[in-house]
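Structure, as structure tokens:
The values are calculated or read from the model by the stated rules, or taken from the named source; none is laboratory data. Keep in mind that what you see is a predicted model, and the values were worked out from it rather than measured. Reconstructed Cβ throughout: ideal geometry from the backbone, glycine too, with neighbour counts over all protein chains shown.
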Amino acid sequence: MDAIITFLTTHWLGQAILILLQCLAVTVPLLVSVAYMTYVDRKVWASIQLRRGPNVVGPFGLLQPFADGLKLVLKETIVPSSANGVLFIIAPMLAFMTALVAWAVVPFDDGWVIADINVGILYLFAISSLGVYGIIIAGWASNSKYAFLGALRSAAQMVSYEVSIGFVLITVLLCTGSLNLSKVVLAQSGWFFNWFWLPLLPMFVIFFISALAETNRTPFDLPMSEAELVAGFHTEYSAMTFGLFFLGEYANMILLSALGSVLFLGGWMSPIPFAPFTWVPGVVWFALKIAFLLFIFSWTKGTLPRYRYDQLMRLGWKVFLPVSLGWVVLTAAVLQFGGWVPKP
Amino acid sequence: MLLQAIAFYVFAAVTVASGTMVVVSRNPVYSVLFLILAFFNAAALFVLIGAEFIAMILVIVYVGAVAVLFLFVVMMLDINMSKLKEGFLDYLPIGAMIGAALLAEILFGLGVWGSGASDTVQAFNSAGIPPAAIDNTRAIGQVLYTQYFYLFQVSGLVLLVAMIGAIVLTLRNRPGVRRQRVSDQLYRSKEETMTVVKVPSREGV
């Protein structure tokens, strides 16, 4: 046993294997939760609309996600004859991959993180800005007008809302004095009203709405508005290539919920900082917070109608951008003149 | 160490290869995609030498924003590439000269490398931060907002001027455009926009 541990921690091959194992330890649970997120999503919409939702495959329909996945795997992948073959296949892989690699820096508990890097927030921001490529390449490579229009819309939308997410991140950064996500969580220790959602409430709201826009969810799911664009950028995709887009979208939703709970809901912290509650492992609290945010995602989708495109752009550029910029200035001023600037 | 060496050679090779592909590929969309790949590998090289802040900024600014706009424009243009490639050899000398000038600038920069370092160390000493405790995000911030503050402001101004210029060039006043005024819509009340009519059964309004 000791020999194995020394091999894994010192030898270069062992380190490579260890990194691989860590990646699997994050990816496999993530994929299972993506599968069950589709199930939960459908159940939540069903109860909002007074239906039962999936209830046939397995007990309470619990095997439904796997049945859907199996169906997508077994179907034929159709590449349109005028499409750009290589890019057409690469695009869904990109969309899915960018949703997965971001998890490398997310802290699940104190010290439970694959890469505890100093620029964790910037890394997440960088990776989430890559997500747009999968979509824009898909739209172009399909060589179809609906797909292309959907991709253009989606790219413009994601670029616009990233700006306000950037300002939200800067505000949190000002309050913690570190770009390391573990330190961001540690800066929020204590009762649940010490978490950043309360002092930075407007930013939390802006972050959540921008997250909806960033993941192309209702009310901002214009890239795939059925009435105008068939299915948006993935109109031409079938079988598992479509499945990868679908999984990527859900993985992105879970990622942004995780980011939201790290930045504003105290990450792995227990909401009440004494005995019976602190016995619960941090991972459980973290998962509960993610689940809470994901429920709001589904709830929103079940409740709100779709925005019009100019309304979406107006909200992003004329409302969120000035408000978040103003809040950054306000936070900086309060921290500076109140003497609360975090010490390095 | 071995892993790092392998990583360096892989990233460096891919950077050079994709840089070449940017120039020689037939399709402009492929060129932009190879450009993105080159940016990405350059960022990875920055990470390898421990400049993680610059690496992330490179990805966020160039890959996440600039290249997206490039791709936007290139995808919408209908470019005849074979025609564009005809002058390739004519422009080669000029391109080579620009490349040589850039290389010379980099070498010149390397020649005076480290001459500003003592000022930087002084800036940290005066801020009371031990040099061991500095990660490079903090180091850049500490220098950028003290020693190079005016240069930083000036570069911000240059960007602002460019932004205003772009707006001025594209802004035009078109008469007769009907716009939606959101505040008007929000101030509409139920009374002035809606009437509730009780329709008797089988009679109609």
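A few comments on the model shown:
- Failed criterion for A:Val284 (all others in (1) under 30 Å from A:Trp112 (Cα atoms); (2) without any contact (Cβ under 8 Å) to a residue 40 or more places away in the chain; (3) in a helix (DSSP H, G or I); (4) touching a helix residue (DSSP H, G or I) at 6+ places or on another chain (Cβ under 9 Å) hold): (4)
- Residue that is surrounded by the fewest Cβ atoms within 10 Å (Cβ to Cβ) [pool: residues in the range A:1-43 that are among the β-branched types (Val, Ile, Thr) and under 19 Å from the mean Cα position of the chain (by Cα)]: A:Val28
- Flag for B:Phe46 being closer than 30 Å to B:Ile140 by Cα and in contact (Cβ under 8 Å) with a residue 24 or more places away in the chain: no
- Check on A:Leu72, in contact with a helix residue (DSSP H, G or I) (Cβ under 6 Å, 6 or more places away or on another chain), within 22 Å of A:Val28 (Cα to Cα) and within 13 Å of chain B (Cβ to nearest Cβ): no
Quick grid of which residues meet (1) more than 13 Å from chain B (Cβ to nearest Cβ); (2) surrounded by fewer than 21 Cβ atoms within 10 Å (Cβ to Cβ):
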site	(1), (2)
A:Phe148	no, no
A:Ala151	no, no
A:Val185	yes, no
A:Glu228	yes, yes
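- Any hit, the range A:108-118, residues being within 10 Å of chain B (Cβ to nearest Cβ), crowded, with 24+ Cβ neighbours inside 10 Å and in contact (Cβ under 8 Å) with a residue 24 or more places away in the chain: no
- As for the range B:59-66, it holds no residue that is in contact with a Pro (Cβ under 9 Å, 6 or more places away or on another chain) and in the same structural domain as B:Ile6 (by TED's automatic domain parsing).
- Residue-level analysis places B:Val14 among those that are surrounded by 12 or more Cβ atoms within 10 Å (Cβ to Cβ), closer than 30 Å to A:Gly14 by Cα, at pLDDT 90 or above and not assigned by TED's automatic domain parsing to the domain that holds B:Gly141.
- Of residues in the range A:190-224 being more than 21 Å from the chain's Cα centre (by Cα), assigned to a loop (DSSP other than H, G, I, E, B) and touching a residue at least 12 places away in the same chain (Cβ under 8 Å), the one nearest to A:Gly134 (Cα to Cα): A:Pro199
- The helices (runs of 4 or more DSSP H) falling completely within the range B:125-205 that include 2 or more residues that are modelled with pLDDT of 85 or more and within 14 Å of chain A (Cβ to nearest Cβ) map to B:149-170.
- The residue list A:Gly166, A:Gly134 contains one member that is at the interface with chain B (Cβ under 9 Å from one of its Cβ atoms) and either under 21 Å from the mean Cα position of the chain (by Cα) or hydroxyl-bearing (Ser, Thr, Tyr) (or both), which is A:Gly166.
- Residues that are crowded, with 17+ Cβ neighbours inside 10 Å and either in contact with a strand residue (DSSP E or B) (Cβ under 6 Å, 6 or more places away or on another chain) or farther than 21 Å from A:Phe292 by Cα (or both) within the range A:44-53 are absent altogether.
- The range A:1-33, residues that are within 12 Å of another protein chain (Cβ to nearest Cβ) and not in a helix (DSSP H, G or I): A:His11
- Restricting the search to helices (runs of 4 or more DSSP H) fully inside the range A:76-186 and requiring at least 2 residues that are at pLDDT 85 or above gives A:85-101, A:120-141, A:145-176.
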